[in-house]
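Throughout, read-outs are computed from the coordinates displayed, never taken from laboratory work. The structure displayed is predicted, hence computed values, not measured ones. Here Cβ is always computed from backbone atoms with ideal geometry, including for glycine, and neighbour counts include all displayed protein chains.
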Amino acid sequence: MSIFFAFSDENGQYQQQRSRRFLRTHPYYIRATFLINGSEWKLLSNEFFNLKIRFNLPVDKEIKWSYLWSIRHYQINNKPITSDCDFYFLKDIDYHVLINFVESSLAILNRLSFVKIIYTVTFNNHCPSINETNFYKMHLQDHMQRIEMELQNEEENLSILFFDPISREKNELLRNAYNLLYLEGDFIERYSHIKDSINFENSHHSVGIQIADYIAGIFSGFLKNYSRSKEIFDEKIKPYIRKNSNNDPFGFGIREVPSNQIIRERIRSLYFD
């Protein structure tokens, strides 16, 4: 029997009713999950903390992906980072050091024997008005299905899912949606290779959630065609995205929500550029 850990985090936001300002600020909603063999979690954790020491970064602080872009903005504009900023503890660290740290963190995946990455993405400007309960359920369902399909080759395989808390209301929504899918199924008759409940872990306590944050953030930068994000995506993430036997990730490891062939082709053109 093999136990697997699936760590999942989101990037961007979604609202049923979206203003132009919201769409400019949040063009995408992304959920990223990476799946590893549970026996290699300790290796991942040790390597991550050793990396923080090597980069002279505080081991007891979470370095969020969103911090990097805020720090970059401050540094480019020569603005002082004040003590009321969440990332004040990074005020003396150059942005380039932090992006190199993220890249090195993702390079740890190469040390693991099994890694699968799954993305779901919504282009907010092209998404119909879907109530938030159904919206998050759609994303969750795609991740559950793909984890189940990935592990079903061995009857005794089992995955435990770890999510970053969003809010009390959304956490409960995800718990209920997950449990309903688990009990009632969908086109998958039975989710027999994933545990029956989501586990929520505070990201600052979880190496896995922190790396999932980077995986989600890099994909957002890739979609925006940022050169550094695309470089990291191509070298450190693309090899681990779940694919079919023809090495095609679309529908298998990258899934647009809701299904939209035009959006899929837009992502495909960036992916194979």
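I'd like to compare 96-107, 41-52, 80-91: which one has the highest average count of other Cβ atoms within 10 Å, and what's the full order after that? Walk me through the numbers before you get to the answer.
Working: 96-107: 17.4, 41-52: 15.1, 80-91: 13.0.
With the highest mean Cβ count within 10 Å placed first, the list reads 96-107, 41-52, 80-91.
About the Cα centre, and with charges only on the beta carbon of Lys, Arg (+1) and Asp, Glu (-1), how big is the dipole of region 125-273? Nearest 20 debye, please. Present the calculation step by step, with values, prior to reporting the outcome.
On the way: 18 positive and 23 negative charges, 117 e Å.
Result for region 125-273 is approximately 560 debye, rounded to the nearest 20.
Please list 3J(HN,Hα) in residue order for region 78-87, calculated via the Karplus relation 6.51 cos²θ - 1.76 cosθ + 1.60 where θ = phi - 60°; whole Hz, with x for glycine and proline.
6, 9, x, 8, 8, 5, 7, 7, 4, 9
How far apart, in nm, are the 7 Å Cα→Cβ label points at residue 18 and residue 156?
For residue 18 paired with residue 156, the spin-label model returns 4.6 nm.
State which entries of 170/236; 42/116; 79/116 exceed 28 angstrom in Cα-Cα distance in the structure shown. Don't skip to the answer; put the middle values down first.
Details: 170/236 31 Å; 42/116 17 Å; 79/116 40 Å.
Distance filter (> 28 Å) returns 170/236; 79/116.
Give the residues of region 74-101 whose amide nitrogen is closer than 14 Å to a point set 7 Å from the Cα of residue 227 in the direction of its Cβ.
none
Scan around residue 194 for amide H atoms under 5 Å from its own, H built in the peptide plane at 1.01 Å from N, and keep only partners 5 or more places away or cross-chain.
Hits under the 5 Å cutoff: 159.
Positive end of the dipole of the chain, charges at C-beta (+1 Lys, Arg; -1 Asp, Glu), about the Cα centre: which of 221, 4, 108 has its Cα farthest in that direction?
221
Suppose the chain between residue 260 and residue 46 were pulled fully straight at 0.36 nm per residue; how much longer would it get relative to their current alpha carbon spacing?
Working: separation 214, 0.36 × 214 = 77.04 nm, distance 4.05 nm.
Additional length available on full extension: 73.0 nm.
Using per-residue counts of other Cβ atoms within 10 Å, averaged over each peptide, order 145-158, 114-127 from highest down. Can you show the working numbers first?
Details: 145-158: 15.9, 114-127: 19.9.
By packing density, highest mean first, the sequence is 114-127, 145-158.
What aspartates and glutamates could a cross-link reach from residue 230, if we take a straight Cα to Cα line under 20 Å and drop same-chain neighbours fewer than 8 places away?
9, 10, 103, 213, 248, 256, 265, 273
How large is the dipole of the chain about the Cα centre if only Lys and Arg carry +1 and Asp and Glu carry -1, each at its Cβ, rounded to the nearest 20 debye? Present the calculation step by step, with values, prior to reporting the outcome.
Details: 33 positive and 34 negative charges, 201 e Å.
Dipole about the Cα centre, nearest 20: 960 debye.
Which entry in (i) 14.8; (ii) 17.1; (iii) 13.8 is this structure's computed mean projected area of the Cα convex hull in nm²?
(i)
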